[in-house]
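Right, one structure below, let's go through it.
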Amino acid sequence: MEIIVLLAGIVYGLVIGIIPAAGATTGLIALFGIMPYFAGDPYLGVIFCVAVVASSTTGDSFSGVLLGIPGANSAAATMVDGFPMAKDGQASRALSAAITSSSVNGLLFGSLTFLLLPWYTNVVMYMGIPELWAVVLFAFVTVGFVSTKKYVRSCIAIALGVWFGLVGVDVNNVPRYTGGWRYLEDGIQILPFVAGLFAIPELWDGWINRKQTMLNKKLEGSWQQIIMGVKDTFRFYRDSMRGGVIGSFIGLLPGLGGAMADWLAYGSTVAAHPKEHFGNGNVRGVIGAEGANNAQKASSFIPTVLFGIPGAPFAAILMGLFLYLGIDLGSPDTFYDDKLFDSMAFAFLIGTVITAIICYGLSYFAGWVTKLPYVYYFPIIIVTIVWASLQYTGGWEDIAVLLGFSVLGILCKTYQISRPALLIGFLLSDRIYNLSYQMVSLYTITDMFSRPIFMIIMIGVSILIWYGITKRSRLDYA
């Protein structure tokens, strides 16, 4: 049964990955409605969800290389050199290089993540309330000051996200920030929040800018090019491994996401070869950028599982899906759940291998796959998201909240207000509120200076704030 569920997750993830402007985050959002079907065996749901992450990450490259429209924002870096290669008749080579670089790094850094994850949980045992509070602050700082040039807007987004997260009732069961609307007394549901912020704006942007890109040469597959792409990856293994290391590091930092990892990996590849030209079909650019994406997805699970702090937007959706399955990531109950760790390791590592094999075959026939007009699958995704949102109460309020956050998401994307910052604030609102209350009640400032782990984390926070204010050459993704 595990293999069947794994294959189903891989197929679904590949479809979502290949669709322009979709990606892992959008694909996971659409799964909320089917989570109850895994109630009998939640670990099958874990396998399905993690398989979607592994496969959609590799599949993201197809539309970027073939159409010049990235499957997700993180695949945009691959598109810079991958699309010119496709226009030059080397689509299969570009896709093969992307698949190989992504899969090899996914297996390497995925092994370091999932096979050692039970050991990493020991780290949490050394951390008390002040240290956990500092880790949450570290998450806010990374997403507020490092992932965007507009750190003032990002800080406002964090505060707004915390406010949204505190909507509901307080510890005394008194309504808080509900405006008298009883529907909100149970809090804002995560599905319409994340769907409105992330999925709808990307789908809307794809609909507005939909186009069919005509390539200069026919998209005829070539097994010779596929073999050449594999050889390219191992010939330029330093570029691939450099991308993997960068992606893995970015994944450990809460909230940054894949876009920064891929662009940093691509930028480092360009910097490492100053005498070569990039942006006109250099396979090194594809290999370097793709080295980061699966590695980043894998390492993002570490802060997500250990601290309940999502390493990327997709991880935040995954946390919500796991909650539907009765699995609260970041809680002590999960630290000793060997079956959870085994399920995630199986889904990601075996899923990455199977996905690579399928994608090599798809790269031969991929031309027709991405030529499906946007008008056909845009309504399907929208209907799926609306249906999933209605699973909460089934009333008009569910749709109203979805519409409200969809408008907010489009405005944030338009005016470069960090949506990851909003999401991190929303998810960590209760945690920062409770930890802050406990900190003030139980500890003094003198106590803080006597805790070395707390001081180390706070020094890191200070460095990141300084870096965020003084260095302005960061990704401008919102």
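Does any residue of the range 32-44 turn out to be of a type outside the set (D, E, K, R), within 16 Å of residue 313 (Cα to Cα) and in a helix (DSSP H, G or I)? Walk me through how you get there before you give the answer.
In the first step, residues of the range 32-44 are kept if they are of a type outside the set (D, E, K, R); the result is 32-40, 42-44.
Keeping just the survivors that are within 16 Å of residue 313 (Cα to Cα) gives 32.
Now restrict to residues that are in a helix (DSSP H, G or I): 32.
Checking the range 32-44: at least one residue is of a type outside the set (D, E, K, R), within 16 Å of residue 313 (Cα to Cα) and in a helix (DSSP H, G or I).
So, in the range 101-153, of the ones that are at pLDDT below 85, among the polar types (S, T, N, Q) and open to solvent by less than 60 Å² (accessible area, probe 1.4 Å), which residue ends up farthest from residue 309 (Cα to Cα)?
This residue is 148.
Tell me, please, whether a residue that is among the aromatic types (Phe, Trp, Tyr), outside any loop (DSSP other than H, G, I, E, B) and at pLDDT 75 or above can be found in the range 170-181.
Kept after step one, since they are among the aromatic types (Phe, Trp, Tyr), are these residues of the range 170-181: 177, 181.
Of the ones still in play, those that are also outside any loop (DSSP other than H, G, I, E, B) are none.
Scanning the range 170-181 turns up no residue that is among the aromatic types (Phe, Trp, Tyr), outside any loop (DSSP other than H, G, I, E, B) and at pLDDT 75 or above.
Please indicate, with yes or no, whether at least one residue in the range 314-328 is part of a helix (DSSP H, G or I), hydrophobic (A, V, I, L, M, F, W, C), over 19 Å from residue 56 (Cα atoms) and open to solvent by 10 Å² or more (accessible area, probe 1.4 Å).
Pass one, the range 314-328, residues part of a helix (DSSP H, G or I): 314-324.
Filter once more, keeping what is hydrophobic (A, V, I, L, M, F, W, C): 314-319, 321-323.
Keeping just the survivors that are over 19 Å from residue 56 (Cα atoms) gives 323.
Retained after the next criterion (residues that are open to solvent by 10 Å² or more (accessible area, probe 1.4 Å)): 323.
Among the residues of the range 314-328, at least one is part of a helix (DSSP H, G or I), hydrophobic (A, V, I, L, M, F, W, C), over 19 Å from residue 56 (Cα atoms) and open to solvent by 10 Å² or more (accessible area, probe 1.4 Å), which makes the answer yes.
Can residue 383 be described as open to solvent by 60 Å² or more (accessible area, probe 1.4 Å), at pLDDT 80 or above and part of a helix (DSSP H, G or I)?
On the way: open to solvent by 60 Å² or more (accessible area, probe 1.4 Å): yes; at pLDDT 80 or above: yes; part of a helix (DSSP H, G or I): yes.
For residue 383, the condition - open to solvent by 60 Å² or more (accessible area, probe 1.4 Å), at pLDDT 80 or above and part of a helix (DSSP H, G or I) - is met.
Please give the number of the condition residue 294 fails out of (1) open to solvent by 10 Å² or more (accessible area, probe 1.4 Å); (2) over 19 Å from residue 425 (Cβ atoms); (3) not aromatic (Phe, Trp, Tyr).
Going through (1) open to solvent by 10 Å² or more (accessible area, probe 1.4 Å); (2) over 19 Å from residue 425 (Cβ atoms); (3) not aromatic (Phe, Trp, Tyr) one by one, residue 294 breaks only (1).
Can you tell me how many residues within the range 403-423 are among the aliphatic types (A, V, I, L, M) and surrounded by fewer than 24 Cβ atoms within 10 Å (Cβ to Cβ)? Walk me through how you get there before you give the answer.
Restricting attention to the range 403-423, the residues satisfying the condition of being among the aliphatic types (A, V, I, L, M) are 403, 407-408, 410-411, 417, 421-423.
Still in the running and surrounded by fewer than 24 Cβ atoms within 10 Å (Cβ to Cβ): 403, 407-408, 410-411, 417.
Here the count works out to 6.
Could you list, in sequence order, all residues of the range 260-309 that are within 21 Å of residue 343 (Cβ to Cβ), of a type in the set (Ser, Thr, Tyr) and assigned to a helix (DSSP H, G or I)?
Selection gives 299, 304.
Can you tell me which condition residue 375 does not meet? The list is (1) modelled with pLDDT of 80 or more; (2) over 25 Å from the mean Cα position of the chain (by Cα); (3) over 30 Å from residue 267 (Cβ atoms); (4) not small (Gly, Ala, Ser), and all the others hold.
Against the list (1) modelled with pLDDT of 80 or more; (2) over 25 Å from the mean Cα position of the chain (by Cα); (3) over 30 Å from residue 267 (Cβ atoms); (4) not small (Gly, Ala, Ser), residue 375 comes up short only on (1).
Please go through the range 459-478 and pick out each residue that is modelled with pLDDT of 85 or more, more than 24 Å from the chain's Cα centre (by Cα) and within 17 Å of residue 143 (Cβ to Cβ). Give the steps one after another, and end with the answer.
Taking the range 459-478 as the starting set, the residues that turn out to be modelled with pLDDT of 85 or more are 459-463, 465-466.
Filter once more, so that each one left must be more than 24 Å from the chain's Cα centre (by Cα): 459, 462-463, 466.
Within the range 459-478, 462, 463, 466 qualify.
Against the definition (over 24 Å from the mean Cα position of the chain (by Cα) and either modelled with pLDDT of 80 or more or on the phi > 0 side of the Ramachandran plot (or both)), how does residue 396 come out, yes or no?
Numbers: over 24 Å from the mean Cα position of the chain (by Cα): yes; either modelled with pLDDT of 80 or more or on the phi > 0 side of the Ramachandran plot (or both): yes.
The answer is yes for residue 396.
What is the residue count in the range 259-292 for residues that are of a type in the set (Lys, Arg) and over 16 Å from residue 90 (Cβ atoms)? Reasoning before the result, please.
Taking the range 259-292 as the starting set, the residues that turn out to be of a type in the set (Lys, Arg) are 275, 284.
Then keep just the ones that are over 16 Å from residue 90 (Cβ atoms); that gives 275.
Qualifying residue count for the region: 1.
Check off (1) over 23 Å from residue 80 (Cβ atoms); (2) acidic (Asp, Glu); (3) at pLDDT below 75; (4) part of a helix (DSSP H, G or I) for residue 185 and give me the number that stays unchecked.
(3)
The values are calculated or read from the model by the stated rules, or taken from the named source; none is laboratory data. Only a predicted model underlies this, so the values are computations on that prediction, with no experimental measurement involved. So basically every Cβ, Gly included, is an ideal-geometry build from the backbone, and we count neighbours across all protein chains shown. Ligands, DNA and RNA are stripped out before the accessible areas are found, and what is left, the full protein with its side chains, is counted by its heavy atoms. Shrake-Rupley method; radii C 1.70, N 1.55, O 1.52, S 1.80 Å.
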